[in-house]
1. Quick check on residue A:210: is it assigned to a helix (DSSP H, G or I) and either farther than 25 Å from residue A:240 by Cβ or assigned by TED's automatic domain parsing to the domain that holds residue A:116 (or both)?
2. Can you pull out the strands (runs of 3 or more DSSP E) entirely within the stretch D:60-153 that have at least 2 residues that are modelled with pLDDT under 75?
3. On the given criteria, is residue B:132 crowded, with 19+ Cβ neighbours inside 10 Å and without any contact (Cβ under 8 Å) to a residue 60 or more places away in the chain?
4. So in the stretch C:162-196, with the set limited to residues that are touching a Leu at 6+ places or on another chain (Cβ under 8 Å), closer than 23 Å to residue C:123 by Cα and among the hydrophobic types (A, V, I, L, M, F, W, C), which one is surrounded by the fewest Cβ atoms within 10 Å (Cβ to Cβ)?
5. Picking from A:34, A:40, A:69, which residue would you name as being part of a loop (DSSP other than H, G, I, E, B) and either at the interface with chain D (Cβ under 10 Å from one of its Cβ atoms) or modelled with pLDDT of 75 or more (or both)?
6. Inspect the stretch A:193-200 for any residue being farther than 23 Å from residue A:247 by Cα and either of a type in the set (Val, Ile, Thr) or over 12 Å from the mean Cα position of the chain (by Cα) (or both) and give the result as yes or no.
7. Is it true that residue D:44 is more than 30 Å from residue A:4 (Cβ to Cβ), within 14 Å of chain A (Cβ to nearest Cβ) and either in contact with a helix residue (DSSP H, G or I) (Cβ under 6 Å, 6 or more places away or on another chain) or surrounded by 16 or more Cβ atoms within 10 Å (Cβ to Cβ) (or both)?
8. For residue B:30, state whether it is of a type in the set (Gly, Ala, Ser) and in contact with a Phe, Trp or Tyr (Cβ under 6 Å, 6 or more places away or on another chain).
Amino acid sequence: MDIVLIAKAVGALSVIGLVTSAVLSSAARRFHVEVDERVEEVAAVLPGSNCGACGNPSCFAVAEMVVAEELPVNACVAGGQKVANGIAAIMGVGAGDVAAIVSSRHCGGGGSCIRSYGYAGVRSCAAANKLAGGPIACSFGCIGFGDCVRACPFNAIAMDERGLPVIDLEKCTGCGICVRECPRGQIHLLQMLPEKAPVVVRCNAHDKIKVRKGNCAMCCIACKKCERECPSDAIHIIDMLAVVDYAKCTGCGACVEVCPQRCIDLYGRDNDAVAADGAGATCGSDETVKRGA
Amino acid sequence: MSEWLRVFRQGLGLENPLTVLMIGLCATLAVSTQLQNALFMGVAVVFVLTMSNVLISAFRRQIPDQVRIPIFIVVIASFVTIVDLVMKGYVPAVYQVLGIWIPLIVVNCIILGRAEAFAYRNPVGLSIADGLGMGAGFCLVIMLLAFIRELFGTGRIVWFDTTLISMPAGYAPPSLLLLFPGAFFVFGLMIAASRWLNERMASVRAPKGGAS
Amino acid sequence: MTAVSQLALLFIGAALVNNILLTRFIGLCPFFGVSGNIQTSFGMSLAVVFVMMMASSATWIVWEIVLAPLGVGEFLYIPAFILIIASLVQFVEMYLRKSSPVLYRSMGIYLPLITTNCAVLAIATESAKPGFFKMNIALGASLSLGEALVYTLGVSVGFGFALLTFAALRERLELAPVHRLLAGSPIAFLTAGLLSLAYVGLSGWFGL
Amino acid sequence: MRESLRLVVSVLVTCMVAATGLALTYAVAAPRIEEQDRLAQERSLKAVMPEADGFDAVEDEELIKVATSAAEPATLTAIYRAKRGGSEIGWAVRVSSRGYGGPMHLVIGLDTSGSVTGVSILSMNETPGLGTKVLSEKWFLAQFVGLPPGFDDQDVRALDVIAGSTRSANGIRDGVAAAGRAYDKALQGREEAANE
């Protein structure tokens, strides 16, 4: 009765099945991509967070380029020395030293900073910054909605009770994404410093002193006391803001003691005077808030 | 037997394909304008899911790994075509409405997902449990969604040409619920409601549990 | 109406007026899965446009050469088409991994996701054997290969457009203060509802 | 080589089994499907010509061509000759015209003298609640019944529309007007020829 129909149906479908599976199996052979197993090993050593600090889209791309000798063994900035040594071992090559850097915050204001208007929009620094220069009066300070916290692939940044991002120097790999992500990153609110930088200035303001003091109790008032006090001539007032020259700075901490605004903090990766989470923030802590409020 | 029940209940509650795993949404939102159609869709999905689970897990050793996807697809497609033909022949009115959604069961993420994740690795018995469980989970949610949309969208539920429930006379049905945006709104609120329900059940159980 | 304006009408109709995602509800699985951020959505849209064009032409050719002449198309089109699409996706994935690893990394990882995408199968069936979307094309009128490709291009561009607009919305949703019960997928559904309301508004634009 | 052979064979076997199964199901279901289609067709035509008991499609190429050109801009999809007890009592014309949300497919019944015996909608995609009023407002479709023989576009234009869904209503009016034009050009001439 309908043997013809069945035959035609079986014929049609098996032709399609045959063609597709034949094409697939031949393609599987012809397009077989021989993956150098060293690429897998190198990729395993890399942090694998595709942070892009080294300028490449993904760690897998870096692994392939390192194995193909297009990139040096210590290409991974985020991975630092540990990763560089690991890759060198795999590649059987000497590992150069990696200039380790960490991120730092130049603002101590946070909650105590005067608000210029009430902001109820999307809780992102980038969005708030676009609205009349941001809800805080100081146009150089930290808005505190945590764009850097969300952007950090190594979750090394956390907001503290003052509403300021605190960078955990152990986890920070110096990839620089937080500086790119922060709307005020370009004006050095967040800045990459050498990992051993012993002190950091918790202010980034360049406006007039009188205006600055009106906005925030923790600002640098360019009184030059730190400049006179510093034994190794490492800190200078440039454009009415204290700037540290980390080549000369010996980490004696004299400037931290003498600053009347207590606006300079101890910092640096293995600086034992600094609390484990790299906060070490005297600036903006409770007694200064009381004095400045 | 308890293993069978565990897998079955998993499909209904913990891993409900729609509210929890969020797969197989395509047909759900489109077809849930009438309770009757939702029933047919649910039954079709249960049939196809269970039958393909059975066949795949029965031959799971013979199916070579590299070509398992094409074979799964041909098996599922055949069952879907059987449903398609049976519906076209015996229930044309419903087929008129379900139309495109029957063939789309083949690519419904639930079925291929379960075939790959469960049937290919478990014996036939458990696969049936999983098929029925997942299918029932799908059926439950799609009929609930259809019930809400039809009752509030048209003012009454028509079940095989008999009006089961109808809203009070003065009710002016917002036809938006029958349109596509309505489906998104109702489904979103349904998930929120199920979360609220889970929270309340958890909080009701917790204090008692807390004492021990 | 000249042929070109007919095609343009078909394109705009498929892309905006009858947008497959927001007015036809087809292909929702990746719509909610991938639209977490814009980069993944962009990669997904590229992959969808690429695969849909190839899938539609493959199914159109197989329909004209194998299924229609033999007259078995009526009940074999589902397994045949989905078999073609699945192997096509696997073939493209292998080819991409070999020929251009960079493109593969940005687009390739979405390819397996596309095999289970309802939109690809729906449009492949529609361009080979029109009939389901009676709204688009007059009942039963069959499409020439050119028309099928323009129609598929319209649909896939519409798919990408809807996906990207929704991804942008969802990224902002991540930061918006949302009620704890609605956070996550419920608010995504409500936003999709509003977006689809906008697209449905287009329906009276011009009759097709 | 043996390995890839095993792959191809396994896919092939699955395809063959599936194809046979489907062919058998189709063989069983096919007559039922045709039966349902024919019944659906019958019901839609009978809706416009209640007293007819049989319809057969008109195959006369030349006649269809004239009627289709007359029916522009609506597209005429089919013409059926309605019969009762063997004698011809009129025509059923299937037309698709453009509504608000896309094409609307209608069937218009005309008796031998050319007056409208009924209008019914096969399928449309109008907005539920607004466009669908052409269906729910019973008087709208009923007003076409009894259009005098030889009615032309002006008579149809004179009939009233539904507030809030003018474009859908116009869609239906265009369809009926197209059927009228088709009748004047093609069917009438055909009917005289049959009388001589």
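1. Numbers: assigned to a helix (DSSP H, G or I): yes; either farther than 25 Å from residue A:240 by Cβ or assigned by TED's automatic domain parsing to the domain that holds residue A:116 (or both): yes.
Here the answer is yes, as residue A:210 does meet what is asked.
2. Working: elements: D:75-84, D:87-98, D:103-111, D:116-123.
Counting at least 2 such residues, we get no strands (runs of 3 or more DSSP E) at all.
3. On the way: crowded, with 19+ Cβ neighbours inside 10 Å: yes; without any contact (Cβ under 8 Å) to a residue 60 or more places away in the chain: no.
No, not satisfied.
4. C:195
5. Values: A:34 fails: either at the interface with chain D (Cβ under 10 Å from one of its Cβ atoms) or modelled with pLDDT of 75 or more (or both); A:40 fails: part of a loop (DSSP other than H, G, I, E, B).
Of A:34, A:40, A:69, the one residue that is part of a loop (DSSP other than H, G, I, E, B) and either at the interface with chain D (Cβ under 10 Å from one of its Cβ atoms) or modelled with pLDDT of 75 or more (or both) is A:69.
6. Just the residues of the stretch A:193-200 that are farther than 23 Å from residue A:247 by Cα, to begin with: none.
So far as the stretch A:193-200 goes, no, none of its residues is farther than 23 Å from residue A:247 by Cα and either of a type in the set (Val, Ile, Thr) or over 12 Å from the mean Cα position of the chain (by Cα) (or both).
7. The answer is no for residue D:44.
8. Against the criterion (of a type in the set (Gly, Ala, Ser) and in contact with a Phe, Trp or Tyr (Cβ under 6 Å, 6 or more places away or on another chain)), residue B:30 qualifies.
The values are calculated or read from the model by the stated rules, or taken from the named source; none is laboratory data. Computed from a prediction, not measured in an experiment: that's the story for all the values here. Note that we place each Cβ from the backbone using ideal geometry, even for glycine, and neighbour counts take in every protein chain shown.
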